[in-house]
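Worksheet: the structure to be examined is printed underneath.
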Amino acid sequence: MNDEKQTREAAPLADGEAGAAAEAQAAPADLKARVIEALREIYDPEIPVNIYDLGLIYGLDVDEATGSVSVEMTLTAPGCPVAQTFPGQVEDRLLAVEGVRDARVELVWDPPWTQDRLSEEAKLQLGLL
């Protein structure tokens with residue numbers, strides 16, 4: 001049985017098959033990375049740091065098989081003037097990511113955001129280190 005398996009693995013793939021196989025293997029691992037990259041392109045309107053490094057993303061679930069993305073996020077303050085529109089902007093940006101077919105962004109307030117959630121990069125950018 002091992003000999004048979006080795007023979008199948010060693011058989012060359014046609015050009016189209018090789019590309020499709022490589023794409024199928026690379027795409028799932030890359031989708032979450034592309035989603036995170038997209039989140040890093042969205043900036044808080046009051047603080048010049050992206051929402052991912054600012055620590056506003058509390059939960060990120062990427063279903064690579066279906067292309068579904070679910071995000072739990074907060075804002076720096078409950079009274080933030082963009083509370084009504086910002087989640088929709090984040091959803092729109094996520095839907096623009098290659099491979100994302102569905103995006104849902106939920107705004108949560110618990111636990112409240114604090115500066116402890118800042119990434120090291122954000123702390124450096126804001127001069128807090």
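FYI, it's all coordinate maths here, none of it is from the lab. Quick caveat, the model's predicted, so the values are computed rather than measured. So basically every Cβ, Gly included, is an ideal-geometry build from the backbone, and we count neighbours across all protein chains shown.
Side notes on the structure shown:
- Shape analysis of region 44-129 places it in the prolate category; the axes a ≥ b ≥ c from the Cα gyration tensor give an a/c of at least 1.5, with a/b above b/c.
- Per-residue packing, averaged as other Cβ atoms within 10 Å, sorts the ranges 45-57, 107-119 into the order 45-57, 107-119, beginning with the highest.
- Long-range HN-HN contacts of Leu60 with modeled amide H, under 5 Å: Glu72
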